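Visitor: After the structure tokens below, expect a handful of questions from me.
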Amino acid sequence: MKICMLIEGAYPYVTGGVSSWVQQAILSMPEYEFIIVALVTSENEKREIKYQLPDNVTALHEFYLQSEDYGRYRRKRPLTKKENEAFRSLFFGGEVDWEPVFGYFRKAPVSLDALIMSDDFLQMAGEYYRAHFDRLVYSDFIWTMRSIYFPLFSVMRQSLPEADLYHCLSTGYAGVLGSMAKYLYHKPLLVSEHGIYTREREEEIIRAGWVTGEYKNLWINQFRKFSDCAYQYADKVTCLYEGNRKLQVEFGCPPDKTVVIPNGVDAEEYENIPQKEADDPYINIGAILRVTPIKDVKTLLSAYAMAKKKNSKLKLWILGPLDEMPEYVQECWDMVSNMQMQDVVFTGQVNVKDYIGKMDFLVLSSLSEGQPLVILEGFAAHKPFVATNVGDCKGLIYGNDDGLGKAGEIVPVMNTAKLSEAMLFLAEDEDRRRQMGEAGYQRVLSHEKKKIYDAYRQIYEELGGQRQWQE
């Protein structure tokens with residue numbers, strides 16, 4: 001069976017999270033052939049493949065969210081009546097008729113600028129502007145709409161590879177592209193959300209400084225349409241835990257399509273990892289993360305600085321890549337320097353198994369998560385966790401009435417004082433850490449990696465089926 005995975009902003013160029021899941025899934029299912037469609041920013045963006053692609057990955061295609069338009073496609077093509085109605089529903093209406101939109105991009109090459117600045121588009125935009133946004137600057141409104149739809153149309157214009165099954169690792173742009181693939185090739189579509197894309201974009205836009213006022217709602221509403229499309233066309237929609245399944249249903253996914261498949265690890269892989277030296281004088285705190293704003297490393301550093309003043313034995317290890325957002329990394333380094341923090345180590349990209357056993361406990365300060373694989377990895381190494389109350393962190397650390405007890409502490413997002421207190425709470429009692437680490441280990445045994453990928457194998461066979469593979 002040939003499976004095409006559509007992935008936005010992650011594998012194989014970003015490590016951790018969804019990317020780690022994709023790599024492990026492909027390795028765990030060598031009987032399938034995988035084609036990767038990676039949605040990236042632009043052709044000119046510097047990228048480095050961070051994973052050795054498994055042998056059963058037979059192709060890697062890059063689709064650009066910001067493709068060069070000028071000089072390549074000069075052709076203008078007026079919209080038919082049906083296309084006009086479909087684009088109108090997409091831009092400014094409620095329920096979207098996606099099929100004429102999909103078909104439009106398959107007829108012939110078209111200039112995106114010509115489409116978005118066409119008389120048809122400007123007429124639609126003008127009507128919607130006058131009805132809902134006439135108190136705003138018209139040119140700002142037009143360019144906002146262009147910013148939303150240019151990336152979508154950029155990827156829709158590119159040629160999708162044929163496969164027996166399409167698997168989107170999010171809704172959003174990837175979800176619409178997967179829906180288009182189903183429409184074109186009449187093959188099944190599986191959508192998997194590690195975090196709920198619509199909610200994540202909503203939170204991002206609310207916090208963002210680059211979009212203001214009523215434009216925030218405009219962006220949010222359009223992203224909801226993209227998720228609606230994926231939920232509409234998907235044959236199955238998976239997520240990591242029950243809370244996210246309920247959110248999917250709340251955002252319009254039919255309940256009978258939804259399936260919960262949690263993350264998983266192989267605990268045996270952590271049995272013989274290096275451990276802390278007996279003469280190590282520090283209480284080592286490990287933060288396994290990408291140094292990016294979504295991980296809120298600045299709050300972590302501030303909390304550590306507060307805790308360090310009360311317990312001089314603390315040492316913070318930030319274990320993860322530094323190349324994704326260099327400016328943010330520099331801001332974190334400057335913060336360490338300006339606050340004269342002691343015993344803070346940024347390791348960069350490392351093999352986590354070389355370090356995790358040497359930590360006394362682990363910490364995750366994220367603003368948003370799904371069901372963090374890093375928590376399961378920490379539990380497999382018998383390490384307790386301090387984590388923010390995002391995604392399924394609370395369910396993993398406190399358990400869902402499984403009788404195993406707490407495996408760490410949960411704190412509010414962006415709460416420096418509470419995070420610092422939790423660090424000190426775990427630091428002060430070795431027996432407590434050991435007991436919590438054992439609770440986490442027992443809990444992770446129910447998240448066996450083999451069971452997780454067997455569940456996906458079953459869905460692949462159910463949707464793609466040996467019958468289609470033999471055709």
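Visitor: Using DSSP H assignments, which helices in the chain have an axial alpha-carbon span of 24 Å or above and a mean Kyte-Doolittle hydropathy of -1.0 or higher?
Guide: Helix filter hits for the chain: 138-156.
Visitor: Given 25 °C and 0.890 mPa s, compute D for segment 179-265 with the Stokes-Einstein relation, Rh being the Kirkwood radius over Cα pairs; round to the nearest whole µm²/s.
Guide: For these conditions, the coefficient is 176 µm²/s.
Visitor: Measuring from centroid to centroid over Cα atoms, what is the spacing of segment 13-43 and segment 90-133 in Å?
Guide: Spelled out, the Cα-based centre of one part sits 32 Å from the other.
Visitor: Charges only on Cβ, +1 for Lys and Arg, -1 for Asp and Glu: so what's the dipole of segment 371-461 about the Cα centre, in debye to the nearest 20?
Guide: Computed about the Cα centre, the dipole is about 180 debye.
Visitor: Can you list residues from other chains, or at least 5 along the same chain, whose modelled amide H is less than 5 Å from the amide H of residue 63?
Guide: Answer set, sorted by chain and number: 38, 39, 40.
Visitor: Quick one: with all protein chains in place, what share of the accessible area of the chain is carbon or sulfur, to the nearest percent (1.4 Å probe)?
Guide: C and S fraction of accessible area: 47 percent.
Visitor: Please quote Rg/Rh for segment 31-146 to two decimal places, taking the Kirkwood radius as Rh and restricting both calculations to Cα atoms.
Guide: Radius of gyration relative to Kirkwood radius: 1.08.
Visitor: Structure shown: which of 50/276; 276/383; 81/182; 394/450; 82/236; 257/449 lie over 18 Å apart, alpha-carbon to alpha-carbon?
Guide: 50/276; 81/182; 394/450; 82/236; 257/449
Visitor: Next up: Considering Cα pairs under 8 angstrom that are at least six residues apart, work out the relative contact order of the chain and quote it in whole percent.
Guide: Relative contact order of the chain: 13 percent.
Visitor: If the only charges are +1 at each Lys and Arg Cβ and -1 at each Asp and Glu Cβ, what is the size of the charge dipole of segment 285-368 around the Cα centre, to the nearest 20 debye?
Guide: Computed charge dipole of segment 285-368: roughly 460 debye.
Visitor: Let me ask another. Per 10 Å bin from zero, what fraction in whole % of the C-alpha pairs of the chain is there, up to the bin with the longest pair?
Guide: 4, 19, 28, 24, 16, 7, 2, 0
Visitor: With a 1.4 Å probe and every protein chain left in place, work out the accessible area per residue of the chain in Å², rounded to a whole number.
Guide: I get 44 Å² per residue for this part.
Visitor: With all protein chains present and a 1.4 Å probe, how do 117, 339 order by accessible area, largest first?
Guide: So the residues, ranked largest to smallest area, are 339, 117.
Visitor: List the extent of the Cα atoms of segment 335-471 along each of their three principal axes, largest first, rounded to whole Å.
Guide: On the principal axes, segment 335-471 reaches 66, 37, 28 Å in Cα extent.
Visitor: Considering the dipole of segment 409-471 built from charges on the beta carbon (Lys and Arg +1, Asp and Glu -1) around the Cα centre, which of 456, 446, 417 is farthest to its positive end?
Guide: Working it through, the farthest residue towards the positive pole turns out to be 456.
Visitor: Tell me the chymotrypsin sites (Phe, Trp or Tyr not before Pro) within segment 182-269 that lie in a loop according to DSSP and have at most 14 other beta-carbon atoms within 10 Å.
Guide: 210
Visitor: About its Cα centre, how strong a charge dipole does the chain have in debye, to the nearest 20, once Lys and Arg get +1 and Asp and Glu get -1 at the Cβ?
Guide: With only Lys, Arg, Asp and Glu charged at Cβ, the dipole is about 860 debye.
The values are calculated or read from the model by the stated rules, or taken from the named source; none is laboratory data. Remember, it's a predicted structure, so these values are computed and weren't measured experimentally. All Cβ positions, even for glycine, are placed from backbone atoms using ideal geometry, and neighbour counts span all protein chains on display. What goes into the accessible areas is simple: the full protein's heavy atoms, side chains included, and nothing from ligands, DNA or RNA. Shrake-Rupley method; radii C 1.70, N 1.55, O 1.52, S 1.80 Å.
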